Amino acid sequence: MAKYFFFLIIFIQTHLSAVEFVLFTQPKTGTHLLIPILNGLTGKKVYWAKEFQEEVVSVEGDFLKVSSDPKFLFFSMWPTPWTSSVMDRVWETNRIKGTFLHLHPPYSPVMEEYLKQKNCISFFIKRDPRDQITSLLNHYKNIKCNDKQVEILESDDEKLMYMIKSDLRKETIAYRGWLKSPCCCILDFNKLMGAHGGSATDAEAMGQMQKIAAALQLKVSNKRLWKIYKKSFGTGWNFFRGKTNSWKEYFTEAHKQAVKLEIGDLLIELGYEKDLNW
């Protein structure tokens, strides 16, 4: 009996004390590593809310302008938002299921205010946009593209150049607002990948795990954190390689010059480069 109560106390400390949270990330930034980690820490499964995605509303206009419209809570840039009333239904379904919600919503002040009203935190993963877009290129090899133009291009070099010129600046700007949001626990992709990623250590990966547990207000031993991390790594259905600086394997000189033109200033702002001499 004493053993039973001991494990019950451990369960309560490591599962039921979690604050309300969602996972709002940019595509191809490590989402499918973080999902099983959050599941392991809280016992909650991810909720994709796919049954609601037919209720999107087509809107016209630039995303960054329309995203301040209080009627909409964006989860897409293409641009098909949910209304606030749909999000309320999604939120209630998520509460009933005892799950945590995952979406890829670009930053909007309306969505941020919604999270504040719900007293909810979100997790966001910061990743070098160059690695993000090369990961997206590989993703498109296994899943239908959002952009038909990408599908008709023959070579990876052509596809990558098109993606750099058409999407890279728009997406980087659209998501970067989460990096300064008081609602967000910001994680570092390079550190989260640990030694596997090639530019950090396992100690830094542990630091990211401790940061996640602290944001959830969970008391978890380092031993258990590391066990959850190792069990989670590479298990997500869409997890590819997790390598940092993978863009160097794909970029030609022409790609590099295009990226410098499109987001050279943003790479400096985000701390990935000191200047344009790379």
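Just the residues that are surrounded by fewer than 16 Cβ atoms within 10 Å (Cβ to Cβ) and not small (Gly, Ala, Ser), please, taken from the stretch 263-276.
The answer is 265, 268, 269, 274, 275, 276.
Just to be sure before I move on: is residue 209 over 30 Å from residue 95 (Cβ atoms), hydrophobic (A, V, I, L, M, F, W, C), buried (at least 19 other Cβ atoms within 10 Å of the Cβ) and in contact (Cβ under 8 Å) with a residue 12 or more places away in the chain in the structure I sent?
Judged against the criteria, residue 209 is not a match.
So, in the stretch 198-217, how many residues would count as being part of a loop (DSSP other than H, G, I, E, B), of a type outside the set (Ser, Thr, Tyr) and more than 13 Å from residue 21 (Cα to Cα)?
2
Kindly provide the set of residues from the stretch 146-185 that are outside any loop (DSSP other than H, G, I, E, B), farther than 30 Å from residue 119 by Cα and either under 15 Å from the mean Cα position of the chain (by Cα) or aliphatic (A, V, I, L, M) (or both), ordered by number.
150, 152, 160, 161, 163, 164, 168
Would you be able to say whether some residue in the stretch 165-174 is closer than 24 Å to residue 270 by Cα, touching a Phe, Trp or Tyr at 6+ places or on another chain (Cβ under 7 Å) and at pLDDT 95 or above?
No, the stretch 165-174 contains no residue that is closer than 24 Å to residue 270 by Cα, touching a Phe, Trp or Tyr at 6+ places or on another chain (Cβ under 7 Å) and at pLDDT 95 or above.
Out of 137, 115, 101, I need the residue that is touching a Lys or Arg at 6+ places or on another chain (Cβ under 7 Å), within 18 Å of residue 26 (Cβ to Cβ) and not acidic (Asp, Glu). Which one?
137
For residue 260, indicate whether it is under 20 Å from residue 157 (Cβ atoms), modelled with pLDDT of 95 or more, of a type outside the set (A, V, I, L, M, F, W, C) and surrounded by 13 or more Cβ atoms within 10 Å (Cβ to Cβ).
Numbers: under 20 Å from residue 157 (Cβ atoms): yes; modelled with pLDDT of 95 or more: yes; of a type outside the set (A, V, I, L, M, F, W, C): yes; surrounded by 13 or more Cβ atoms within 10 Å (Cβ to Cβ): yes.
Judged against the criteria, residue 260 is a match.
Which residues, counting only those in the stretch 13-51, are surrounded by fewer than 17 Cβ atoms within 10 Å (Cβ to Cβ) and at pLDDT below 90?
Listed by number, the residues that qualify are 13, 15, 16, 17, 50, 51.
Would you point out the residue of the stretch 72-99, among those that are among the small types (Gly, Ala, Ser) and within 22 Å of the chain's Cα centre (by Cα), that is surrounded by the fewest Cβ atoms within 10 Å (Cβ to Cβ)?
Start the filter on the stretch 72-99 by keeping residues that are among the small types (Gly, Ala, Ser), which leaves 76, 84-85, 98.
Next, from what is left, pick out any that are within 22 Å of the chain's Cα centre (by Cα): 76, 84, 98.
Details: 76: 16, 84: 14, 98: 11.
Step by step, filter the stretch 72-99, then rank; the result is 98.
Yes or no: the stretch 64-71 includes at least one residue that is buried (at least 16 other Cβ atoms within 10 Å of the Cβ), out of contact with any helix residue (DSSP H, G or I) (no Cβ under 6 Å at 6 or more places or on another chain) and more than 23 Å from residue 110 (Cα to Cα).
no
Kindly provide the set of residues from the stretch 91-139 that are in a strand (DSSP E or B) and of a type in the set (Ser, Thr, Tyr), ordered by number. Walk me through how you get there before you give the answer.
So the first thing to find is which residues in the stretch 91-139 are in a strand (DSSP E or B), and the list is 100-103, 121-126.
Of everything in the stretch 91-139, just one residue is in a strand (DSSP E or B) and of a type in the set (Ser, Thr, Tyr), namely 122.
Taking the condition of being under 30 Å from residue 194 (Cβ atoms) and in a strand (DSSP E or B), how many residues in the stretch 15-74 meet it? Full working, then the answer.
Residues of the stretch 15-74 under 30 Å from residue 194 (Cβ atoms): 15-48.
Now drop any that are not in a strand (DSSP E or B), which leaves 21-24, 46-47.
Going through the stretch 15-74 one residue at a time, the tally reaches 6.
Among the numbered criteria (1) among the small types (Gly, Ala, Ser); (2) in contact (Cβ under 8 Å) with a residue 24 or more places away in the chain; (3) in a helix (DSSP H, G or I), which single criterion is violated by residue 195?
Result: residue 195 passes all but (2).
The values are calculated or read from the model by the stated rules, or taken from the named source; none is laboratory data. Since the model is a prediction, treat every value here as computed from it, not as a measurement. In this analysis, Cβ positions are derived from the backbone assuming ideal geometry, glycine residues included, and neighbour counts consider all displayed protein chains.
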